[in-house]
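Okay, structure first, notes after.
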Amino acid sequence: MKSINYGILLMIFIMLILACDDIIDPIHVESGMDVQMEKMSDACNAKIKDGDASRQILANELYTYLLKRIGRDDKEYKFSKRYPNYYGGAYITEEGRLVILLKNGIGRDTIGKILRNDKIVDYKDCKYSYQELLDFMHYLDEQIELLPPNIQKNLKMYYIDDRNNRIVVGLVNDDASLIDELRSSVIDFPAVVYVKVHMMLDSGPMPNPIDMTGDMDLKPGGFISRKIGESTYGSMAFRARFVNDTSTVGMVTAGHLLSDSAFYHSYYIGIAYPKQVAGSMDAAFVEVDENPRPSLQRIAFHPLNIMEFDMSMINPPDTLVVTLSTDVIVPGVGTIINKRGYRTGRTTGVVLSTCYSGVLTISQSNTIHVHDMMAATYYSDFGDSGGIVYTYYSLTGVRATVGVHSASYCDSVNNRHISVFSKADNILNVFGLERY
């Protein structure tokens, strides 16, 4: 995984903030195909609609560095790393401060020595260690298949809420008697809170067919479907290639969208392999077929890093090119991120959790269990599955690759949208791919 070195940006960051008090766009969650953009002349009058995480660059660098230093590798453990008992989790504020939770207030001196410069760090006491929360997530992952059928159907998701030092469990039916049954059978842990949710996989009804000749670009956020005449469609996330075979290129999307091949409307793109719809991801790699099949394809496809958006919605027309970086990151809770899907275009939210588990209902007879995914508050709808999730830093112009959108929930208790996505880092590592 590539990392971005932002240490030298501190002085630039301070100077720009002093010179421009409106450099950061506020968080704005949108629905619909609102992708209108205006030309960016410099950092101070940037009007690109992407949610901007520039204020959070340094906090994310400290967060990543801290986890590398305090995390202990454990290949036998489901989450691959274990954390010290004093560490309770962390999150990043909109203003760019890193808030580190400490169990019973212990560990501040230790973390201070690791980070050295912690002027943007705040410490907060908490009751549970992050390792305790991880262990309970692991326990739930192991127990979910053993639960009674009525509970399995009702329990749809659970994730670590770093900000509040707890685990959130999402239920279709939050009836008090059912919650009591859950507590008595498996979820007897005081750090758990319950919310009522409604889940949807974001694959949408097929739009009108199109007729094409010549070459065609495949872009992050662009259209993809399972087969000719298929009634649903989704989106593409990012281009990639095999580490051990750089000549084999393609696009990554959501695994639940595809069977054994992928199409652009009625035009064959290539096979969907490898594919995984379980465990730590919902993803597939679509290899671009270099040998066109006359019966299926009469155009050549070219994977790009240029984002998909509707030029007809630009008024006046603009030549602005929005490019996805090959940098891959796992941003901390609270980081402003963006999703670009074929149905709703670009929407913005914040990271809710870096440790999400849940049950995805592929069909009435097919459900899968996933873990080690992420959750966020950006809006999504049917047709956005497989879309790209990314961060945007106006200070550097970088749109870093974060993940692949999978599904969404409506949280009726907190009146918000919860979207779920696979970590790009997990996909690349498991499939043996790299960004380019």
Is it the case that some residue within segment 8-21 is assigned to a helix (DSSP H, G or I), open to solvent by 80 Å² or more (accessible area, probe 1.4 Å) and modelled with pLDDT of 50 or more? no
Can you spot a residue in segment 184-194 that is at pLDDT 85 or above, open to solvent by less than 30 Å² (accessible area, probe 1.4 Å) and touching a Ser or Thr at 6+ places or on another chain (Cβ under 8 Å)? no
Would you confirm whether any residue within segment 164-176 is farther than 20 Å from Gln143 by Cα and assigned to a helix (DSSP H, G or I)? yes
Six or more apart or on different chains, Cβ atoms under 8 Å: show the pairs whose first residue is in segment 261-281 and within 14 Å of Leu428 (Cα to Cα) and whose second is assigned to a strand (DSSP E or B) and open to solvent by 40 Å² or more (accessible area, probe 1.4 Å). Tyr273/Glu287
Return only the number of the condition from (1) open to solvent by 60 Å² or more (accessible area, probe 1.4 Å); (2) of a type outside the set (Asp, Glu); (3) farther than 22 Å from Thr335 by Cβ; (4) at pLDDT 85 or above that Gly107 does not satisfy. (1)
Taking the criterion of being of a type outside the set (A, V, I, L, M, F, W, C), open to solvent by 50 Å² or more (accessible area, probe 1.4 Å) and at pLDDT 95 or above, would at least one residue in segment 138-161 satisfy it? no
So, in segment 85-121, how many residues would count as being aromatic (Phe, Trp, Tyr), within 23 Å of the chain's Cα centre (by Cα) and over 23 Å from Ala53 (Cβ atoms)? 0
Do any strands (runs of 3 or more DSSP E) lying entirely in segment 358-426 carry at least 2 residues that are at pLDDT below 95, within 26 Å of Ile151 (Cβ to Cβ) and not acidic (Asp, Glu), and which ones are they? 366-376, 398-411, 416-423
State whether one or more residues within segment 46-56 are among the β-branched types (Val, Ile, Thr) and at pLDDT below 75. yes
Can you name every residue in segment 353-397 that is within 18 Å of Gly234 (Cβ to Cβ) and among the polar types (S, T, N, Q)? Thr361, Ser363, Asn366, Ser380, Ser385
Matching residues in segment 242-262 - criterion: being surrounded by 17 or more Cβ atoms within 10 Å (Cβ to Cβ), among the polar types (S, T, N, Q) and modelled with pLDDT of 95 or more: Thr253
Cross-chain or 6+ apart pairs with Cβ under 6 Å, segment 180-193 first and closer than 12 Å to Val169 by Cα and outside any strand (DSSP E or B), then open to solvent by less than 10 Å² (accessible area, probe 1.4 Å) and not aromatic (Phe, Trp, Tyr): Ala191/Ile167
How about segment 199-233: which of its residues are open to solvent by 10 Å² or more (accessible area, probe 1.4 Å), modelled with pLDDT of 75 or more and part of a strand (DSSP E or B)? Asp215, Met216, Asp217, Thr232, Tyr233
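The values are calculated or read from the model by the stated rules, or taken from the named source; none is laboratory data. As the structure is a prediction and not an experimental result, all values here were calculated from the model. In this analysis, Cβ positions are derived from the backbone assuming ideal geometry, glycine residues included, and neighbour counts consider all displayed protein chains. Please note that ligands, DNA and RNA were not included when accessible areas were found on the heavy atoms of the full protein model with its side chains. Shrake-Rupley method; radii C 1.70, N 1.55, O 1.52, S 1.80 Å.
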